[in-house]
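Student: My structure is below; once you've seen it, I'll send some questions.
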Amino acid sequence: MLANHRVCKAVREMNLSDFIDFVANDFYNFLLFYTYLDQKIPFIENEISIYEDGGFPCGWKGNFPNGSFVVFSCCFIP
């Protein structure tokens, strides 16, 4: 799901240092999961796919585990 205008505005106004810390923390967690777990976790796999596709997972819509990521992306996805 693409982010709405409020989320896009918040991401654009985010302090660069805070943004870098947020993304670095995600990648640190990915490394921990791949290092210490023998199984794949769909939530983590989906989050990694978002980054691989050039997006930024910036929220969740719905009641977890039902729902979907809110994704900020500069790319148009039909």
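Student: Just flag the chymotrypsin sites (Phe, Trp or Tyr not before Pro) in the stretch 32-78 sitting in loop per DSSP whose Cβ has no more than 16 other Cβ atoms within 10 Å.
Tutor: Details: sites: 33, 34, 36, 43, 51, 60, 69, 72, 76; in loops: 76.
Here the chymotrypsin sites (Phe, Trp or Tyr not before Pro) that fit, given the DSSP loop and packing criteria, are 76.
Student: Additional query: From the square roots a ≥ b ≥ c of the eigenvalues of the alpha-carbon gyration tensor of the stretch 26-70, which class results: rounded (a/c under 1.5), prolate (a/b over b/c), or oblate?
Tutor: On the way: a/c = 2.34, a/b = 1.41, b/c = 1.66.
Oblate is the answer for the stretch 26-70, as a/c is 1.5 or above yet b/c matches or exceeds a/b.
Student: At a 1.4 Å probe, what is the % contribution of carbon and sulfur to the accessible area of the stretch 13-76?
Tutor: On the way: 2810 of 4780 Å².
The nonpolar share, carbon plus sulfur, comes to 59 percent.
The values are calculated or read from the model by the stated rules, or taken from the named source; none is laboratory data. Note that the coordinates shown come from a computational prediction; the quantities given were computed from them, not determined experimentally. Here the Cβ is made from the backbone with ideal geometry for all residues, glycine too, and neighbour counts use every protein chain on show. For the accessible areas, the whole protein counts, side chains as well, though only heavy atoms, and no ligand, DNA or RNA atoms are used. Shrake-Rupley method; radii C 1.70, N 1.55, O 1.52, S 1.80 Å.
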